[in-house]
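The block underneath contains the structure these notes are about, expressed in structure tokens.
The values are calculated or read from the model by the stated rules, or taken from the named source; none is laboratory data. The model shown is predicted, which means the values in this text are computed figures rather than measured ones. Here Cβ is always computed from backbone atoms with ideal geometry, including for glycine, and neighbour counts include all displayed protein chains. Protein only, heavy atoms only, side chains kept; ligands, DNA and RNA dropped before computing areas. Shrake-Rupley method; radii C 1.70, N 1.55, O 1.52, S 1.80 Å.
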Amino acid sequence: QVQLVESGGGLVQPGGSLRLSCAASGFTFSNYAMRWYRQVPGKERELVATIPSRGPTNYADSVKGRFTISRDNAKNTVDLQMNSLQPEDTAVYYCYAKVRGYAYWGQGTQVTVSS
């Protein structure tokens, strides 16, 4: 079955960096777009970045120039490099894939940006 497992969250000071990773299994990873979302309590889940199976990546305006999404099809992983983090980036970050018409989410990893 499809599984997405995130790792790499934590506490970081403003201006710092974190790298999130999502390990995928149960589907042909290289064939599918992958996404990172984030959610703050009381707010809707927000799309942060998308990396297609082929083609250019896409980012929310709020993270452009600071975050970079990448994938390793040999390892079935998708990463999110987050630089110049700000308190407003604090959220639970989720890995997402839509496989054969079904949406799959990871369990989420907490990112807290605070001094």
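Looking for whichever is among the small types (Gly, Ala, Ser), at pLDDT 95 or above and open to solvent by less than 30 Å² (accessible area, probe 1.4 Å) here; the options are Ala74, Ala24. Which one fits?
Numbers: Ala74 fails: open to solvent by less than 30 Å² (accessible area, probe 1.4 Å).
Checking each option against the conditions leaves just Ala24.
Among the residues of region 27-58, which ones are under 14 Å from Asn73 (Cα atoms) and either among the β-branched types (Val, Ile, Thr) or open to solvent by 60 Å² or more (accessible area, probe 1.4 Å) (or both)?
Thr28, Asn31, Ile51, Arg54
What is the number of the single condition among (1) touching a residue at least 24 places away in the same chain (Cβ under 8 Å); (2) of a type in the set (S, T, N, Q); (3) more than 21 Å from Gln86 (Cβ to Cβ); (4) in contact with a Ser or Thr (Cβ under 8 Å, 6 or more places away or on another chain) that Ser53 does not meet?
Unmet condition: (1).
What's the number of the condition Ser84 fails, among (1) small (Gly, Ala, Ser); (2) out of contact with any Gly (no Cβ under 7 Å at 6 or more places or on another chain); (3) in contact (Cβ under 8 Å) with a residue 24 or more places away in the chain?
(2)
Only one residue in Glu88, Glu6 is of a type outside the set (Phe, Trp, Tyr) and either at pLDDT below 95 or open to solvent by 50 Å² or more (accessible area, probe 1.4 Å) (or both). Which one? If you could, list the steps in order and put the result at the bottom.
Details: Glu6 fails: either at pLDDT below 95 or open to solvent by 50 Å² or more (accessible area, probe 1.4 Å) (or both).
None of the others qualify; the one that does is Glu88.
Across region 56-90, what is the total count of residues that are closer than 21 Å to Leu4 by Cβ and either out of contact with any Asp or Glu (no Cβ under 6 Å at 6 or more places or on another chain) or β-branched (Val, Ile, Thr) (or both)? Steps first, please.
Step one: of region 56-90, the residues closer than 21 Å to Leu4 by Cβ are 57-60, 63, 67-82, 89.
If we keep only those that are either out of contact with any Asp or Glu (no Cβ under 6 Å at 6 or more places or on another chain) or β-branched (Val, Ile, Thr) (or both) as well, we get 57-60, 63, 67-69, 71-82, 89.
Total satisfying the criteria: 21.
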